[in-house]
Amino acid sequence: MKKGTADIPLVSFDPDVFRDEKRAKELYETHRDLVISWTMKHYRVRKDLALEVYQEAFTIFFYQVRRGSLTSIRCELQTYLTGIVKNLMKQKKGKYVFVAMEEISDRPAVDNLAEEKVSDTYNKMLVQQLLAKIGDPCRTILELFYQERYSLESIAIDLEYKNANVVKKKKSLCLKHLRDLFQAARNESA
C-alpha cells in the first residue's frame, strides 16, 4: 500500500539550532558524504564539483531555517538536500559539460594545477563546440546521455531505436567520432 504524506513523519527545525555552530557543522557532516556520492554517481561529476554543489545546497537549507521560511519537512533531511542539489545541477547544466574528459581525451593528467584549470576550461569549451558541430543523431545521443542524464533505454524510446543495445553501440561510435575530432582540434592548436 502506498504511503500518503500523513504517514511520513514531520521533521521540524528550530532556527536557534543553527545559531550553534557545532550543531550546524554536525548536520552538515552527517549528510555530506552520502549526498556527494549520490551527486557524483547521478551526474557523473568530479568530487570537487559535487562538494561545491552540496555546500551551496546546505547553505540554502541553512538560511531557509535561520530566516524561518523552513520550519519542517515531510522527508529525511538527506532527501531534502538532494532535492536542492537536483535544482542546482539543473541551473548549472549549461555552465558545465558533464561528459567526463577522460572519455574524450587520452591526454595524461597535468601536474600543474593552474595549467590544468586553464586546460580543463579550454577542453570543455572545445567539447561544447564539437558537440554543436558533430550533428545528429550523435549530438542528440551524447547530450541526452551525458547532459540530460537519460538512460540508454530512455534514449532508445525517445529516438525510436530498436533497443538500448543499439543506442549503446551508436553512443560508442559517436563518442569515438567526438574523440577523434577532439584529438584533431588539440593537435591543430598544439
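Counting the residues of region 149-174 that are in a helix (DSSP H, G or I), in contact (Cβ under 8 Å) with a residue 12 or more places away in the chain and basic (K, R) gives 3.
Elements of the type helices (runs of 4 or more DSSP H) sitting completely within region 1-115 and holding at least 3 residues that are at pLDDT 90 or above and either touching a helix residue (DSSP H, G or I) at 6+ places or on another chain (Cβ under 9 Å) or not hydroxyl-bearing (S, T, Y) (or both): these cover 21-43, 47-67, 77-92. A Cβ distance below 7 Å, combined with a sequence gap of six or more or placement on separate chains, defines the contacts here; from region 19-33, residues that are over 12 Å from Q55 (Cβ atoms) and in the same structural domain as L51 (by TED's automatic domain parsing) reach residues that are in a helix (DSSP H, G or I) and at pLDDT below 85 in the pairs R23/V17; A24/F18. If you go through region 58-95 and keep only what is within 30 Å of T121 (Cβ to Cβ) and of a type in the set (D, E, K, R), you end up with K86, K90, K92, K93, K95. Taken together, K170, K176 contain a single residue that is surrounded by 16 or more Cβ atoms within 10 Å (Cβ to Cβ) and out of contact with any Gly (no Cβ under 9 Å at 6 or more places or on another chain), which is K170.
Kindly evaluate L181 against the criterion of being under 23 Å from M40 (Cβ atoms), at pLDDT 85 or above and outside the structural domain of T39 (by TED's automatic domain parsing).
The answer is no for L181.
The values are calculated or read from the model by the stated rules, or taken from the named source; none is laboratory data. Keep in mind that what you see is a predicted model, and the values were worked out from it rather than measured. Heads up, the Cβs are rebuilt from the backbone with ideal geometry, glycines too, and the neighbour counts pull from every protein chain shown.
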